[in-house]
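What follows is a set of notes on a single structure, which appears directly below.
Derivation of every value follows stated rules applied to the coordinates shown; laboratory data play no part. Model, not experiment: these values are computed from the prediction. We place every Cβ from the backbone using ideal geometry, glycine too, and count neighbours over all the protein chains shown.
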Amino acid sequence: MVIFSRQSHRGTVVSRLRRHGVAKRSICAAAILAVAATACSSSSTPAPSTASRSAPNLITADEISRVSVQNALEAVQKLRPAMLRRPNVASQNAQSKGELVVYVDNTRYGPVENLSQIPASSIAAVRYYTASESQMKWGSNHPGGVIEVMTKR
């Protein structure tokens, strides 16, 4: 709060801060900030790590090792079933139904059913590519997208 006092013999206005209550307000503000900082930093549940957050188009070997699956198809069905439920796209090429194509270590492996032939223990990662992403990587004829399996070597 600012108090103005007029000194009559000089005719000037002198301003000064009123100190009453300022110290109390400073202590209260500091206490509120300390409580708020403590409350924010001491949560009873830990914040999720980036490792526990999973990418919707990627399955890692670590994720596969934590579930009971025998092959790549089971892993995808259990961990990312949305990879298998991609919309069908009409096309004039060999993949006329817009079905998913499987690649293993960058080599075409056939339809999605062939994932059942890949042992889960040999998988380093499984990734889904959209039709446009797969066209950039492998060319056309992938209107339904690609599921790529990278194996442990």
For residue 108 and residue 67, FRET efficiency with R0 = 30 Å and r from the beta-carbon atoms, rounded to 0.05? 0.65
Amide hydrogen neighbours beyond the local backbone of residue 151, cut-off 5 Å, H modeled: 105, 124
Sticking with the crude label model, points 7 Å out along Cα→Cβ, report the distance from residue 136 to residue 54 in nm, one decimal please. 2.5
Would you mind classifying the stretch 58-151 by shape? Square roots of the alpha carbon gyration tensor eigenvalues, ordered a ≥ b ≥ c; an a/c under 1.5 is rounded, otherwise it is prolate if a/b is larger than b/c and oblate if not. prolate
